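One structure below.
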Amino acid sequence: MGVPQAIESLSQRASLLRDSLQKSQTNTDSMVAILGSFDHRLSALEAAMRPTQVRTHAIRMAHENIDKTLKAAEVILGQFDLSRQAEATILRGPHEDLESYLEAVDLLRGIVRFFTSNKNFKGSDGVLNHINNLLAKSILKLEEEFRQILANYSKPIEPDRLFDCLPNSLRPGGSPGHQVDNGRNHPSANHSEHPAKILETTIYKTPTLIPPRILPLLHDLAQQLIQAGYQQQCFKIYRDARASTLESSLWKLGVEKLSKDDVQKMQWEALEAKIGNWIHFMRIAVKLLFAGERKVCDQIFDGINFQKDQCFALVTVNSVATLLSFGEAVAKSKRSPEKLFVLLDMYEIMHELQSEFEVIFEGKACSEMRESALSLTKRLAQTAQETFGDFEEAVEKDASKTTVQDGTVHPLTSYVINYVKFLFDYQTTLKQLFQEFETRNETDSQLAIVTMRIMQALQSNLDGKSKQYRDPALTYLFLMNNIHYMVRSVRRSEAKDILGDDWIQRHRRIVQQNANQYKRVAWAKILQTLSVQGMNTGSLGAEGGGSSGASRATIKERFKSFNFQFEELHQKQSQWTVPDQELRESLRLAVAEVLLPAYRSFIKRFGPLVENGKNPQKYIRYNPEELDRLLGEFFEGKTWADPKR
């Protein structure tokens, strides 16, 4: 019973479970059907809403486009407003308010850039044409303003303003064209003292060529012109204004263009004065005017893409050429000894200014000016060196008819010695000059070689001139005087350091040799009359001496001969000159040391014979003291109206 019941119970439960599962499946199917119905309806709703979404997006995009268009229109209208404002300023011109005018030009350029980059704007071409026309007018007005401002402030500088910029030592004391003292007195001016040197440390003040407040305006104008493509117009305006001003400033200063023929025709004094002025003008031109022009050019065109070096070159080219042409004319003119020192002065200033030429005229465009300056420096050096050779030859071959009758120092000697002394005032310059042609080690000895050659040439010429004298004694006196003058001058100058003690001692011996020769030739004959050689000095006879004694007649003849010769020597040699006091006293003493002892001895031996006879004063005219006094009149350069007996 139990088992069948259990089975029946399980069977009932299984039947209930089956029914439940069937209901669950039915419910599931119903739910799936319901959900499927929802999906279908949602798809239909979505399809129904899609057109609305599209319209909404289109409306939103339309709103965005409208906003963009409004903003673009606002920007365009703003550009039109700026254009109207700028146009009003442009039409008023730049003269009243240049700064606002330049801002208006920049605004117009910005407007052009705007419409150029917004070609899709329907009226952009028309606007661009109008603005570009306006810009073209504005640039023409800027060009005229640039020209006007440059013209107003490009005035020649008065010489006094330039002189005020010089160091005190270089300021002239006179009017424009007044010759400036360069610190040296040349031999041709007959000065022999060493000049005072100008201090090396000198300060130059750059002159104000254009007021500082005007330079920024010119800079801005130049920048606008060049940005607008008006480089050539800007170039020409600047060149014409500044070049003519520079040339006028130099003309006011006294600079003139002279040819080689003009220089050749000038008298030496006039040429020397013009060379002195030219040296001064070169300093002013390079250190003040050219330096000032370079500064102005650099400031006006600073930061601008412009060939300012070429512009500066064209501004200065004529002025540089005018200045250098005079130097070239002098360097190419006929050489003469008196030109040597002015050539050295000219070389010195060109050498001094060379570094400034390199700085002021930098760049390829200015190379012609730099090369011209360097070429003149070398040409002056070459001409000066050739003049050395000419001078040496001229000294040796000098055939001047000038004869110094009194045997004193010849003008040629004083001229040459003065010349040599001045050479040593140019030692630094000469070393620089010799370096143009020699190695550095040779320059120190070159001056000594040149000086020795000149001195030797002088000595050779003096030897020739000494032979013009008929009296051999005067020949030796002349040589003694001139060589002594050479030695004394060298000892008292810087030449002694170059020529050396050996040269001085050698030539002092030559002086002494000539003095000894003079004494021998001039006094040998008269000393012979006082000689007892050939005379019998034993007892003398009462009436003229016996056979064993010297005859009274012979003694009288000796005294007469002595008197005649001494008076002749006194008359002649008191007109001769020994200009150096020490040498003059020394020579008199040398003569007295020979003559007076011989005369005293002769009188002592033979005087009593004459004194005991008739008219003793006729034969014994002088006592030793009188002779000594008369010897003191020798070599004084006196002139006698009548022969003195």
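The values are calculated or read from the model by the stated rules, or taken from the named source; none is laboratory data. Computed from a prediction, not measured in an experiment: that's the story for all the values here. Glycine also receives a Cβ, built like all others from the backbone with ideal geometry; neighbour counts cover every protein chain displayed. Ligands, DNA and RNA are stripped out before the accessible areas are found, and what is left, the full protein with its side chains, is counted by its heavy atoms. Shrake-Rupley method; radii C 1.70, N 1.55, O 1.52, S 1.80 Å.
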Given the conditions (1) open to solvent by 10 Å² or more (accessible area, probe 1.4 Å); (2) under 22 Å from Cys366 (Cα atoms); (3) assigned to a helix (DSSP H, G or I); (4) among the charged types (D, E, K, R), which single one is not true for Lys274? (2)
If you check Asn482, Asn514, which single one turns out to be farther than 18 Å from Val420 by Cβ, assigned to a helix (DSSP H, G or I), at pLDDT 90 or above and not acidic (Asp, Glu)? Asn514
I'd like to know if segment 467-482 contains one or more residues that are of a type outside the set (Asp, Glu), in contact with a Ser or Thr (Cβ under 6 Å, 6 or more places away or on another chain) and closer than 24 Å to Asp425 by Cβ. yes
Please list, ordered by first then second residue, the pairs with beta carbon atoms under 7 Å, 6 or more apart or interchain, first in segment 502-525 and farther than 17 Å from Lys467 by Cβ, second aromatic (Phe, Trp, Tyr) and open to solvent by 60 Å² or more (accessible area, probe 1.4 Å). none
Do you know which residues across segment 262-271 are assigned to a helix (DSSP H, G or I) and either over 17 Å from Ala321 (Cβ atoms) or hydrophobic (A, V, I, L, M, F, W, C) (or both)? Val263, Gln264, Lys265, Trp268, Glu269, Ala270, Leu271
Could you say whether any residue in segment 295-302 is within 29 Å of Ala222 (Cβ to Cβ) and of a type in the set (Val, Ile, Thr)? yes
Return the residues of segment 221-248 that are of a type in the set (A, V, I, L, M) and farther than 17 Å from Glu293 by Cβ; say none if nothing qualifies. Leu221, Leu225, Ile226, Ala228
So, in segment 326-353, how many residues would count as being out of contact with any Gly (no Cβ under 8 Å at 6 or more places or on another chain), assigned to a helix (DSSP H, G or I) and either open to solvent by 30 Å² or more (accessible area, probe 1.4 Å) or of a type in the set (A, V, I, L, M, F, W, C) (or both)? 17
Which of (1) open to solvent by 30 Å² or more (accessible area, probe 1.4 Å); (2) within 23 Å of His410 (Cβ to Cβ); (3) in a loop (DSSP other than H, G, I, E, B) does Ser586 not meet, given it meets every other one? (3)
Go through (1) closer than 30 Å to Leu135 by Cβ; (2) modelled with pLDDT of 75 or more; (3) not β-branched (Val, Ile, Thr) one by one and return the number of the condition Arg50 breaks. (1)
Could you grab me the full set of residues in segment 354-408 that are of a type in the set (Gly, Ala, Ser), free of Cβ contacts under 8 Å to residues at least 24 places away in the same chain and closer than 30 Å to Cys311 by Cβ? Ser355, Ser367, Ser375
Would you check which residues across segment 492-523 are open to solvent by 50 Å² or more (accessible area, probe 1.4 Å), within 15 Å of Leu595 (Cα to Cα) and not charged (D, E, K, R) and list them? Asn516
